[in-house]
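Structure first, then comments.
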Amino acid sequence: MNAVRFEGRDIISIRDFTRGELDYILNMASEMEEVAKRGSDMLRGRTLASLFFEPSTRTRLSFEVAMQKLGGTTIGFAEPDISSIKKGETLADTVRVVENYADVIVLRHPLEGAARFAAEYARVPVINAGSGAEEHPTQAMLDLYTILKEKGRIDGLDIALMGDLRYGRTVHSLAYALSLYDVRLYFISPSMLRMRREVLDDIKGRVDVVEEENVEDVIPKIDVLYVTRIQKERFPDLSDYEKVRGSYRIDLNLLKGAKDGLIILHPLPRVDEIAPEVDATPYAKYFKQVWNGVVVRMALLALVLGALE
Amino acid sequence: MNAVRFEGRDIISIRDFTRGELDYILNMASEMEEVAKRGSDMLRGRTLASLFFEPSTRTRLSFEVAMQKLGGTTIGFAEPDISSIKKGETLADTVRVVENYADVIVLRHPLEGAARFAAEYARVPVINAGSGAEEHPTQAMLDLYTILKEKGRIDGLDIALMGDLRYGRTVHSLAYALSLYDVRLYFISPSMLRMRREVLDDIKGRVDVVEEENVEDVIPKIDVLYVTRIQKERFPDLSDYEKVRGSYRIDLNLLKGAKDGLIILHPLPRVDEIAPEVDATPYAKYFKQVWNGVVVRMALLALVLGALE
Amino acid sequence: MNAVRFEGRDIISIRDFTRGELDYILNMASEMEEVAKRGSDMLRGRTLASLFFEPSTRTRLSFEVAMQKLGGTTIGFAEPDISSIKKGETLADTVRVVENYADVIVLRHPLEGAARFAAEYARVPVINAGSGAEEHPTQAMLDLYTILKEKGRIDGLDIALMGDLRYGRTVHSLAYALSLYDVRLYFISPSMLRMRREVLDDIKGRVDVVEEENVEDVIPKIDVLYVTRIQKERFPDLSDYEKVRGSYRIDLNLLKGAKDGLIILHPLPRVDEIAPEVDATPYAKYFKQVWNGVVVRMALLALVLGALE
């Protein structure tokens, strides 16, 4: 494995990466920890364009900071209304315009497949910062990196994904990524929001999968708890929502049975699915994920722009 | 007094500062005049996040330029609608996310007390760029700095604050700040918009205060005239507004009785409370305040980030 | 001709430039090709303010990238709603505020004459990035530069401007600019959208002008085809629009009669006036124009900021 394989490469789906490649990225992210603190000129003179056809402040700022910490500069737009680019222009044309301004394009788009489509037209690397309901590969990479950094390994862990496993943008990418490792996965959700069949089919055979509705039963068995929000809008009948809501809220009481080294992750923003009282416990790693997102994105930018070897 | 006391410090309210500290900041601002012209690498590798939950282009640009002139970089958002951060996320969580991206947070927020609250959660310094109707400490500092720079001193001056003294965001901070100096204050306003009782109570005993409704009578006595806008919306009865409006407009005729060295300040934007014919007179210093805001903010950024000694 | 004449100069209208000056700018743009690739510190410590009172992502990003490639930094706003500056503040005041933040102002404004007005108040150079329906001088310069770069010369060419010649913002500036060269101009449009009389009067006598309704007849005769969009909104009667629409669409069939070296330009965004099948032909230069816009703007920024000699 070497960096050469990444130069010029698009980052569209977590499914485009082998375990070896993911391990390589995680390793590079680790090397970026020091660089992030002292700053670098690695990407001096290079420009990142962030094209957010759908607002996502957190992801946008994370990429921009990653670029700046490597000495590069950023341009772009934060929401579609600002963008006159959208006035009837095709995404293919937008991309062929912006590749004249930037060395790498970070794209967020409401449509499924938009990032892959853009990458076909762009001569510069395209990084998918979320397209449609499914893919958000850099989030899955920073989740992996957080597990590795906090637990020292990914193999051999018992990992639960909890909440809305049906519609959640991040859990599908993460489930796939984890299936490349030797882990046992627990999928904890209300029956209405169970992990999609196609994801299950995809990863079964590679990892052990246990589906559960009850959080309490799983807590004592796991090393990692990945929590996602359950959105009210998913329930046609609001009383169904009220029923499940309380059962999928992590608080100190629920954590009494937890292993000592349990870590709790969350893609953020958190609403009320994790009680604030959990924030001060050693379990809580969700704000640390934010920093990890920066170093993972630094590694990706440096790799696709050919600045690492 | 030394810079060590400022490293890591939040800038929330003008009331948190002693006269000695204010003098020290004004002195550092003065040293920044040269730095601002030639540029500097003092904050190279450092990042400022500007979180504007309420738009304020002038203040945002001023902080961003201040950071850039010191070699630092900036990220952030200019208005809440752009920010997906706001989607149900608490300010406490937002701050704990953003402190992973930035070395200092500049916050503008519609809610009273938001900056102080944010500072309690953030590990990095928070600078209040306006929260609620009351505090905007860096504006008061740049006002002080303008007086000092133009008049050579603050002590011994006769200073009038005119216009909406009841609701104006800047006049309360400025009145408090000036009360730390040996000045005589004139508060000139329609009776409905008199300076709030609690501000008067707070500063009385420290400085002489004269309340007036008539501008003309005061003009010949003062060295500094600080003008603020009277907003139509403050008057339940529009005819009351029409009555006072003309009397609180500064023009050449009114200035006939002014002292030679009078300086006129205004926090901007100005609507019609100062006639354009005044702009060309030596009295007008309101556009110079804008530059002064940049050097004051450079000094503050350098101080809280520990780049000065 | 030398750079001294450009230091501090405003770029408001293409009509303010002699042929000698335009040639000089094109020559400097050419020298920027290499600088754009390797980056430069020519404008280190300098700040560009982009004030977009009307959104135009393409133009804004182009100026920002140009500034960054020269080592400068950027501030500004991308749309008026974000700008608290606009709250009742006059453009004259806004400019006198922003000149304290920036070394050069790039202004886009919906009002005719706004850029000229701003330039009268600003001590720093103002560059017009589009004001009202008429002037967009840097677009005309990049169009000239594209012709020169692709054809090796401008003199002696047969050049067609096609589409909406009546309301199109760019064609008037370009027609004027081309009239300073030894060219033959074809104006191809539906009769309703013919080139304005005052533009024709202005350039006649200097260049040969042929007005045509039929594209096909002109194609075999020309070296350059400049296509602009015909907007549905211009037609009071929609059936009139439907009639002309198809006749002003460039596709492979229409291009069968073209000269070998024909180049097709377009100010972008393109909607359907050029068929996507044309993109892959050697005629298509409209995406290359985007890059050319960057180097032309680099040259202008370096010139007005006195960084070239």
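Here are some notes:
- Partners for residue B:288 among aspartates and glutamates (Cα-Cα distance below 16 Å; same-chain residues under 8 apart left out): B:33, B:34, B:143, B:150, B:279, C:93, C:99, C:103
- Rg and Dmax, both from the Cα atoms of region B:1-64 and both in Å, are 13.9, 35.
- Nitroxide proxy distance, nm - points 7 Å out along Cα→Cβ at residue A:116 and residue B:192: 6.4 nm
- For the pair C and B, the buried accessible area comes to roughly 2000 Å² in total, with a 1.4 Å probe and the value rounded to the nearest 100.
- At 1.306 mPa s and 10 °C, Stokes D of region A:58-132 from Kirkwood alpha-carbon radius, µm² per second: 124 µm²/s
- Carbon + sulfur, % of accessible area of chain C - ligands and nucleic acids excluded, 1.4 Å: 45 percent
- For region B:12-103, the orientation-averaged shadow of the C-alpha convex hull comes to 7.2 nm² (one quarter of the hull surface).
- Relative to the other identical copies, residue A:261 shows label-point distances of 7.3, 7.3 nm, where the label point lies 7 Å from Cα along the Cβ direction and values run shortest first.
- With both residues required to sit in the protein assembly as shown, DSSP beta bridges show an antiparallel share near 5%.
- Entry note, region A:137-289: relative contact order of 24 percent, from Cα contacts under 8 Å with a spacing of 6+ residues.
- Per residue, the accessible area of region A:94-183 comes to 27 Å² when a 1.4 Å probe rolls over the protein heavy atoms.
- Using the Cα coordinates of region C:215-309, the gyration tensor eigenvalues translate into equivalent-ellipsoid semi-axes of 31, 19, 11 Å, sorted from longest to shortest.
- Summarising the amide proton neighbourhood of residue C:186: residues at separation of 5 or more, or on other chains, whose placed amide H is nearer than 5 Å comprise C:159, C:160, C:161, C:210.
- For region A:170-219, the Cα gyration tensor yields ellipsoid semi-axes of 18, 13, 9 Å (square root of five times each eigenvalue, largest first, whole Å).
- Expressed as a whole percent, the proportion of Cα-Cα pairs in chain A lying more than 38 Å apart is 13%.
- Annotation: amide H-H contacts under 5 Å for residue C:222 (H modelled 1.01 Å from N, sequence separation of 5 or more, or interchain): C:259.
- Compared with its chain on its own, region B:94-110 contains the following residues whose accessible area drops by 20 Å² or more in the full protein assembly (probe 1.4 Å; ligands, DNA and RNA excluded): B:96, B:97, B:100, B:101.
- Translational diffusion of region A:137-289 was estimated from the Stokes-Einstein equation, with Rh taken as the Kirkwood radius over Cα pairs; at 4 °C and 1.567 mPa s the coefficient is 84 µm²/s.
- Using only alpha carbons, region A:73-204 has a radius of gyration to Kirkwood radius ratio (Rg to Rh) of 1.05.
- Fluctuation leader among A:225, A:238, A:254 - chain A, Gaussian network, Cα springs under 10 angstrom: A:238
- Under a 5 Å amide H cut-off, with hydrogens placed 1.01 Å from N, residue B:284 pairs with B:264 among residues at least 5 apart or on other chains.
- In chain A, the DSSP-assigned H stretches of four residues or longer account for a calculated mean residue ellipticity at 222 nm of -11000 deg cm²/dmol, using -39500 (n - 2.57) per stretch and the full residue count as denominator.
- Residues along region B:282-296 losing 20 Å² or more of accessible surface when the other protein chains are present rather than the chain by itself (probe 1.4 Å): B:287, B:290, B:291
- Eigenvalues of the alpha-carbon gyration tensor of the protein assembly as shown, scaled by 5 and square-rooted, set the equivalent ellipsoid semi-axes at 45, 45, 24 angstrom, largest first.
- The fraction of Cα-Cα pairs per 5 angstrom bin, counted from 0 for region A:127-193, comes to 4, 17, 26, 26, 17, 9, 2 percent, rounded to whole percents.
- Under the span-like rule (Cα at least 20 Å along the axis, Kyte-Doolittle mean at least 0.0), DSSP H helices of chain B: B:288-304
The values are calculated or read from the model by the stated rules, or taken from the named source; none is laboratory data. Keep in mind that this is a model prediction, so the values were computed, not measured. Heads up, the Cβs are rebuilt from the backbone with ideal geometry, glycines too, and the neighbour counts pull from every protein chain shown. Each accessible area value is taken on the protein alone, full model and side chains, heavy atoms only, with ligands, DNA and RNA left out. Shrake-Rupley method; radii C 1.70, N 1.55, O 1.52, S 1.80 Å.
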